[in-house]
Amino acid sequence: SRRAVARLLSLGESTVIRWTQRQVTTGSCAAKPRGGARRVALLHERDWILARMAAAPDLTVRALRAELAARGTVVCVDAVWRFLSREHLTFKKNTARHRAAPR
């Protein structure tokens with residue numbers, strides 16, 4: 001029985017039952033594919049973002065996200081960060097931001 005197989009393999013009964021059901025419906029008990037490449041959510045805004053970053057290179061990720069939202073593209077901060085990373089655009093600190101640093 002499925003429960004005996006679960007005990008024999010030290011697995012949960014529901015796991016063996018799901019594997020058996022998958023074997024019956026699909027012909028294979030192999031796991032479904034996981035992961036994969038993420039879709040680039042900002043690809044359609046690429047030209048605008050690159051032009052905006054060229055005009056204001058010290059623009060923060062949150063500010064860029066707010067401007068994108070004003071344009072109608074609502075994304076999370078992480079999506080903007082990943083897009084900028086793929087485009088090899090990084091936020092570098094300049095001397096004006098070092099004012100609070102110890103001497």
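Can you tell me which residue is nearest to residue 88 (Cα to Cα) among those in the range 31-69 that are aliphatic (A, V, I, L, M) and open to solvent by 90 Å² or more (accessible area, probe 1.4 Å)?
Step by step, filter the range 31-69, then rank; the result is 43.
Only one residue in 34, 7 is basic (Lys, Arg) and within 20 Å of the chain's Cα centre (by Cα), so which one is that?
Answer to the selection: 34.
Given (1) within 30 Å of residue 20 (Cα to Cα); (2) of a type outside the set (S, T, N, Q); (3) part of a helix (DSSP H, G or I), where does residue 34 come up short, assuming only one miss?
Exception for residue 34: condition (3).
The values are calculated or read from the model by the stated rules, or taken from the named source; none is laboratory data. Since the structure is predicted, the reported quantities are computational estimates derived from the model, not experimental observations. Each accessible area value is taken on the protein alone, full model and side chains, heavy atoms only, with ligands, DNA and RNA left out. Shrake-Rupley method; radii C 1.70, N 1.55, O 1.52, S 1.80 Å.
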